[in-house]
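Colleague: Before I ask anything, let me first share the structure, which is written out below as structure tokens.
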Ligand code: GLU
């Protein structure tokens, strides 16, 4: 059965959108339009310690100013705790999730003691310390108990990047599903919501390609369908760093100028004089380049 295309843009409201996040938004919008699909916006505000007040409204305003209002009222992950809880309970009930008492420092210390200290700038691979029990420590998080992959990679295909693979046991380890302070992990929330909203196509920045294998594994364990994936090029600053709010990238001004800059990153035509004309030309070009066969 061919499911009708449903795409989404899922910003974290840690601040207004910058030029890099606009690229992901435009690409997901174009892909939905090029396939006659619907385009949803989901505000990923699960990590309430990082939300900036008013950023969600500002993001929606920026999108509307670039001619991309969502096709349905936006949703907020902060209102979805019941669904995340049900998914976590399901995993716990099947022995696929366990409580963990390790802090980041504990994890680094354990890895260092094993002679494999984490590389700078890389997420440490969880060494499995609490797999067999908390040994009297207080729980800090729930982790997924990775099924034994025997060192075999989980493979998936990205529409732009091609064949991808990751050995989760070696490269990631048992990952966090929820924090004890009540914050749901991105990996769990995104899987529950993509399925809950019937998302057929995820189009997002390339910085998230490395999360995709984790999400596909969770989809399989939770019996949710796997969408198609397309990861878009990142925008880099003059030093070659990925633009990020963390590094101080500023909000873009909605309008034809910012939209044209995002289209250029995507290698789309960007010379039309207005927002509607830019979008119309880009939909045609996107369809020519990225049409999904048979859709
Ligand atoms: N909320 C994530 C972010 O802003 C994106 C999640 C996704 O598109 O899967 O980085």
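Colleague: When residues of the range 127-156 are filtered for being part of a loop (DSSP other than H, G, I, E, B), under 18 Å from residue 187 (Cβ atoms) and touching a helix residue (DSSP H, G or I) at 6+ places or on another chain (Cβ under 6 Å), how many remain?
Modeller: 2
Colleague: In this structure, does residue 182 turn out to be more than 24 Å from residue 130 (Cβ to Cβ) and part of a loop (DSSP other than H, G, I, E, B)?
Modeller: Taking the combined requirement at face value, the residue does not satisfy it.
Colleague: Oh, and also: Go through (1) without any contact (Cβ under 8 Å) to a residue 60 or more places away in the chain; (2) out of contact with any helix residue (DSSP H, G or I) (no Cβ under 8 Å at 6 or more places or on another chain); (3) more than 30 Å from residue 286 (Cα to Cα) and name the single condition residue 175 misses.
Modeller: Among (1) without any contact (Cβ under 8 Å) to a residue 60 or more places away in the chain; (2) out of contact with any helix residue (DSSP H, G or I) (no Cβ under 8 Å at 6 or more places or on another chain); (3) more than 30 Å from residue 286 (Cα to Cα), residue 175 violates only (2).
Colleague: Just a yes or no: is a residue in the range 190-212 out of contact with any strand residue (DSSP E or B) (no Cβ under 7 Å at 6 or more places or on another chain), in contact (Cβ under 8 Å) with a residue 40 or more places away in the chain, within 23 Å of residue 34 (Cβ to Cβ) and assigned to a loop (DSSP other than H, G, I, E, B)?
Modeller: No: zero hits.
Colleague: Could you tell me whether any residue of the range 128-135 is within 24 Å of the chain's Cα centre (by Cα) and either closer than 11 Å to residue 173 by Cβ or modelled with pLDDT of 95 or more (or both)?
Modeller: The answer is no, given that none of the residues of the range 128-135 is within 24 Å of the chain's Cα centre (by Cα) and either closer than 11 Å to residue 173 by Cβ or modelled with pLDDT of 95 or more (or both).
Colleague: Do we find a residue being away from the ligand (no atom under 15 Å from the Cβ), assigned to a strand (DSSP E or B), in contact with a helix residue (DSSP H, G or I) (Cβ under 8 Å, 6 or more places away or on another chain) and farther than 24 Å from residue 256 by Cα anywhere in the range 83-97?
Modeller: Checked the range 83-97: at least one residue is away from the ligand (no atom under 15 Å from the Cβ), assigned to a strand (DSSP E or B), in contact with a helix residue (DSSP H, G or I) (Cβ under 8 Å, 6 or more places away or on another chain) and farther than 24 Å from residue 256 by Cα.
Colleague: Related question: Where residues in the range 1-49 are out of contact with any strand residue (DSSP E or B) (no Cβ under 8 Å at 6 or more places or on another chain) and assigned to a helix (DSSP H, G or I), which of them is farthest from residue 290 (Cα to Cα)?
Modeller: Filtering first and then ranking leaves 19.
The values are calculated or read from the model by the stated rules, or taken from the named source; none is laboratory data. These numbers were taken from a predicted model, which means no experiment stands behind them. Every residue, glycine among them, receives a Cβ derived from its backbone with ideal geometry; neighbour counts consider all protein chains shown.
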